[in-house]
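Here is the structure we will look at.
The values are calculated or read from the model by the stated rules, or taken from the named source; none is laboratory data. Computed from a prediction, not measured in an experiment: that's the story for all the values here. Cβ placement follows ideal geometry from the backbone for every residue including glycine, while neighbour counts extend to all protein chains displayed. For accessibility, only protein heavy atoms count, side chains too; no ligands or nucleic acids. Shrake-Rupley method; radii C 1.70, N 1.55, O 1.52, S 1.80 Å.
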Amino acid sequence: MLYPEIVIAGCGNPLFADDGFGPAVVEELQKLSLPDNIGVVDAGLGGPHFIFTLLNPEETKRLIIIDIADFGAEPGSIAKFRIEDLPPGSYRDAHSWDLTEPLERIKDQIDITVIGCQPKRVTDPDMEIGISDEVSQAIPKTVRIVLDMIGVDYGTTRQCLQEERQRGTPETCGSTENR
Amino acid sequence: MSKVVEISPTTRHEGHSKLVLKVNDQGIIETGNWCSITPVRGVEKLAIGKTPEQVPKIASRVCGICPIAHNLAATEAMEASIKCEIPKDALMLRHILQLANRCHSIALHDILILPDLYLPGTETKINPFTAEEPVRTVAKRIQRLREIGQTIGQIAGGEAIHPSNTRVGGMYRNCSELAKIKMYDLAKEGLALAKPQMDLMIAILRNYQAREHVDVGGMKVALPKTLGYHNQGYLATHAFYGSSSLDECPSWDINRFKEVRPWDWYMGEMEVSLEEPKYPIGGTTKLGTKVNPQMEACTGIPMYDGQPVEVGPRARLAVYKGYDEKGTVGQNIAREMEYTDCFYEMIDCIDALNPNGKVVADYIPDGDGSLGWASNEAPRGTDVHITRVKDWKVQYFSMLVPTTWNFATCSAALTGAPWQLAEVIMRGYDPCVSCATHMIVIDEENRIVAQKLIE
């Protein structure tokens with residue numbers, strides 16, 4: 001099945017420095033052995049027109065998007081967002097069907113979470129490869145958050161997260177860690 | 001007296017672009033400028049010093065919708081420069097991957113143009129997202145075609161969006177016998193769906209073409225029989241796939257290509273003097289707004305034999321199959337005609353694929369700095385990548401992406417149309433704008449100079 005029950009999509013462009021966060025997290029997740037009902041996709045810039053507009057709610061029940069997001073925190077901080085939290089245009093289909101958010105169309109049938117990392121440097125429109133140290137450090141933590149969300153525990157996932165949460169606020173999943 | 005109207009941003013395509021239109025008192029376009037307003041720059045510079053394995057991965061990230069075409073064109077440009085011939089089964093896997101991507105793209109384009117068109121026999125424009133029949137069944141078929149395209153692409157290319165299986169010298173892995181059977185079954189299912197989908201779309205397009213008037217945002221607009229006509233030439237390098245050899249493909253010769261600056265081609269500063277709040281979606285640009293396509297355009301203008309040319313499905317059909325229907329409807333019909341051709345070709349490639357055959361060349365040279373190019377017939381047209389590789393390092397890299405070719409050609413095709421239909425003409429090109437920015441300019445002395453218009 002192309003897009004199974006749980007879809008994890010890493011969005012962003014590695015050619016614009018920290019915008020490569022989503023694909024970098026996906027690269028790490030793809031190294032793990034995950035259950036068959038989970039699909040991990042390097043969406044790049046193609047999330048809206050390859051994935052979000054093709055998900056079938058009869059098959060896919062949950063979508064986890066990993067991306068950068070500017071929420072005014074320290075670089076490398078991570079936060080979870082619901083679709084309602086996102087400003088208009090966040091995931092407007094690049095093919096912009098009718099200026100309606102493609103995620104709006106499926107949000108009532110598919111449980112959608114966006115895990116956003118505060119970037120340090122996004123170089124758009126100039127190309128530059130390389131994720132900042134702060135954002136790199138957020139990659140393993142994001143992997144743990146995703147594993148926790150999908151109920152996969154390699155023995156350390158939940159314990160690490162619990163410790164991180166004790167140090168940070170629940171809303172930012174431990175945003176103080178990188179301060 | 002001429003008036004100026006601007007549609008910005010244009011919708012239902014990838015990336016950001018705008019239309020600046022000088023129109024007469026009847027609202028007919030005298031001069032139309034369609035230009036990219038998405039600056040993307042630096043890929044050529046970024047590629048220098050990287051390995052030939054890295055650059056195709058970089059190239060595939062330049063665009064959200066054509067990563068497969070860019071990946072293949074860049075990989076094959078590297079192979080052309082280092083003079084590496086890949087095994088036949090690797091080539092078959094690439095063909096399958098590319099055709100699968102095109103099937104997905106045609107299906108996607110159907111959704112994008114349907115809202116401009118009418119249900120035959122009614123005055124109802126088509127909303128592809130409605131739950132009502134008969135559109136719901138059609139939409140489900142389109143989605144299944146997209147799913148088939150992506151799944152076959154995933155099998156052949158490793159991943160559905162950014163192919164991980166391609167490499168310089170061939171492919172990392174062949175597929176299993178079981179995977180071959182699965183691709184075959186999917187391709188046969190796709191063919192069975194593509195045929196009625198093509199027939200339906202052609203019927204809907206013919207219905208549109210036969211209308212005297214169409215509705216645009218509540219405005220009754222006369223539909224010209226020459227909608228989207230132009231007299232530019234066509235460029236295509238293969239009926240389906242692409243080429244990296246002048247002997248194999250005499251229609252693409254780098255020496256016949258030049259690129260001029262946008263300010264040599266587009267209109268200069270003007271002020272918007274016509275505003276239409278009813279135009280979907282959200283009205284046109286406000287009266288009095290300053291516009292300057294010369295300075296705002298983010299692309300150069302590629303020329304072949306000194307003229308802009310059209311690339312894409314109609315160009316392929318015109319060059320290789322004698323197709324001769326002009327205009328926007330003819331262009332969209334050509335795209336639909338590629339549906340079944342694509343699946344037939346894909347089935348042939350799957351038949352020819354030997355899952356036990358080798359997929360990596362025995363010898364992969366390091367390169368001696370020779371110029372190599374490869375064209376890949378992306379869904380929306382000829383995608384040409386040019387490179388020099390020496391000692392396994394990229395010395396030069398350039399991408400000439402499909403929509404860059406089409407900007408000037410489409411601009412010419414706008415002339416004579418009612419301004420309200422400019423986007424309909426533009427969508428006929430199935431534009432992909434974000435990667436269509438290319439600032440390498442070959443000047444009059446054929447020296448390659450980097451021109452960055454927007455600093």
### Task
Quick one: check the C-alpha center-to-center distance for segment B:230-287 versus segment A:32-77, whole angstrom.
34
### Using θ = phi - 60° and Karplus 6.51 cos²θ - 1.76 cosθ + 1.60, couplings along segment A:129-144 (whole Hz; Gly, Pro as x)
9, x, 8, 5, 4, 4, 6, 4, 5, 7, 5, x, 5, 5, 4, 5
### Query
Each residue of segment B:321-337 in order: what ³J(HN,Hα) in whole Hz does its phi give by Karplus 6.51 cos²θ - 1.76 cosθ + 1.60, θ = phi - 60°, with x for Gly and Pro?
10, x, 5, 9, 7, 8, x, 5, 5, x, 5, 5, 5, 4, 4, 5, 5
### Query
Looking at the protein assembly as shown, what % of its DSSP beta bridges pair antiparallel, to the nearest 5?
70
### Query
Taking Cα atoms of segment B:66-211, Rg/Rh with Kirkwood Rh, to two decimals?
1.09
### Query
Buried accessible area for the A:B pair, summed, 1.4 Å probe, in Å² rounded to 100?
3000
#### Entry: Angle between chain B longest axis and helix B:177-209 axis [Cα atoms, degrees, rounded to 10]
20
### Task
Let me know the Kirkwood hydrodynamic radius for chain B, please, with Cα pairs as the basis and the value in Å to one decimal.
22.5
### Task
Quick one: Debye curve from the alpha-carbon atoms of segment B:289-332 only, equal weights, vacuum; give me log10 I(q)/I(0) at q = 0.21, 0.24, 0.29, 0.30 Å⁻¹ to two decimals.
-0.81, -0.88, -1.01, -1.04
### Query
How well do other chains shield peptide A:48-55, expressed as the mean number of their Cβ atoms within 10 Å of each residue Cβ?
5
### Probe 1.4 Å - accessible area at B:ILE82, Å² to nearest ten
10
### Query
Kirkwood Rh, segment B:289-445, all Cα pairs: how many Å?
18.4
### Query
Which order do peptides B:101-113, B:23-35, B:305-317, B:352-364 fall in by mean Cβ count within 10 Å, highest first?
B:101-113, B:305-317, B:23-35, B:352-364
### Summary
The value for segment B:293-380 (convex hull of the alpha-carbon atoms, volume per residue, Å³) is 203
### Summary
The Cα extents of segment B:203-310 along the principal axes, largest first and rounded to whole Å, are 53, 41, 21
### Task
Mind scanning B:LYS57/B:LYS278; A:LYS31/A:LYS80; B:LYS45/B:LYS188; B:LYS45/B:LYS286; B:LYS3/B:LYS326 and naming the pairs with a C-alpha gap bigger than 32 Å?
B:LYS57/B:LYS278; B:LYS45/B:LYS188; B:LYS45/B:LYS286
### Query
Using only the Cα atoms, what convex hull volume per residue in Å³ does segment A:15-78 have?
114
### Message
Against the 2.2 N^0.38 Å scaling, with N counting residues, where does segment B:15-118 land? I'd like the Cα-based Rg ratio to two decimal places.
### Response
1.50
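Run lengths n ≥ 4 of DSSP H only: what is the helix-derived mean residue ellipticity at 222 nm for the protein assembly as shown, with -39500 (n - 2.57) per run over all residues, to the nearest 500?
-10500 deg cm²/dmol
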